[in-house]
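Written out below as structure tokens is the structure these notes cover.
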Amino acid sequence: MLIDLGITLAAVVGLMALCWRYAVSIRDVSFIDAIWAYGMVFAVAVAAGLNGGLAGPADWALLALVSAWGLRLGTHLITRWRRLGRDPRYEKILGHAMKNRGDKPGMSFAKAAWWRAFGMQGPLLWGVSLPAQAGVLADNGAALPAWGLAGAALAVFGIAFESIGDAQLETFRADPASKGEVMDKGLWRYTRHPNYFGDFCAWWGIFIVGLAAGAPWWTAAGPLFLSFTLTRWSGAPLLEHSLKKRRPGYDDYIRRTSGFFPLPPKRG
């Protein structure tokens, strides 16, 4: 299994290298969020190929769940990128890396794009998708136990929750009357980040299915890292720092709305 996982890692890095070459040609890395989602589907598909195909129900469940999550999210993000253009978050990250500091010159765009985006995110997306990859590689064709089915149900719930939240936000943004306003309707009334909460549920559910298929316990590192990045690193904290500056009512929204897990809004 470890050799096969090394091959999937090499395949993901190769995919990122191709995307990096394209990003350098257009001088924009903003589409990498879509590649993050598509890349996980790619990693699991490569693992299935190394295992000679899909052996049983758990394999099919893992590939179906990861594909439903990744293809939906990747298409949503690539469509948004084509409509809105460059992502200011990545413009800031790369601009900081390219900035001269005294006598020390900054990175070139190509180097910054690799070390601050594609070269870093390839191994990370591989790590997050480890439960699905290892589950596909370990599956012996046995039926999913009840707790494995519960994991699949949790993943489906997460995918649906995230999809509904994204659709509600797109409808809100398309309304001219919403310009400059804070989205606090639908699922966004109960959590400030329905999309991140959906990701959380989806990948912990996939981890449970992976365990049922035979994945080792240490693949929990994948959803653990994802949970950390969504709640403490590049997910909610980075986004909210930006929204506080751009949305005058966002501080009030923070006071009354749960930061991650859906809860009834606070009154007063």
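Observations on the model:
- The number of residues in region 35-79 that are free of Cβ contacts under 8 Å to residues at least 12 places away in the same chain and part of a helix (DSSP H, G or I) comes to 4.
- Looking only at region 127-147, and only at residues there that are crowded, with 22+ Cβ neighbours inside 10 Å and over 14 Å from residue 63 (Cβ atoms), the one that is farthest from the chain's Cα centre (by Cα): 130
- In region 135-155 there is no residue that is touching a Ser or Thr at 6+ places or on another chain (Cβ under 6 Å), modelled with pLDDT of 95 or more and over 22 Å from residue 26 (Cα atoms).
- Any hit, region 224-231, residues being more than 22 Å from the chain's Cα centre (by Cα) and crowded, with 21+ Cβ neighbours inside 10 Å: no
- Count of residues meeting criterion [exposed (fewer than 15 other Cβ atoms within 10 Å of the Cβ) and either among the small types (Gly, Ala, Ser) or in contact with a Gly (Cβ under 9 Å, 6 or more places away or on another chain) (or both)] in region 68-92: 1
- Of the residues in region 4-11, at least one is surrounded by fewer than 22 Cβ atoms within 10 Å (Cβ to Cβ) and either under 14 Å from the mean Cα position of the chain (by Cα) or of a type in the set (Asp, Glu) (or both).
- Residue 163 being surrounded by fewer than 24 Cβ atoms within 10 Å (Cβ to Cβ), of a type in the set (S, T, N, Q) and modelled with pLDDT of 95 or more: yes
Residue by residue, here is whether (1) under 27 Å from residue 136 (Cβ atoms); (2) in contact (Cβ under 8 Å) with a residue 40 or more places away in the chain holds:
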| site | (1), (2) |
| --- | --- |
| 164 | no, no |
| 174 | no, no |
| 178 | no, no |
| 187 | no, yes |
| 204 | yes, yes |
| 210 | yes, yes |
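The values are calculated or read from the model by the stated rules, or taken from the named source; none is laboratory data. Just so you know, these numbers come straight off a predicted model, no measurement behind them. For neighbour counting, all protein chains shown are included, and Cβ atoms are generated from backbone atoms with ideal geometry for every residue, glycine included.
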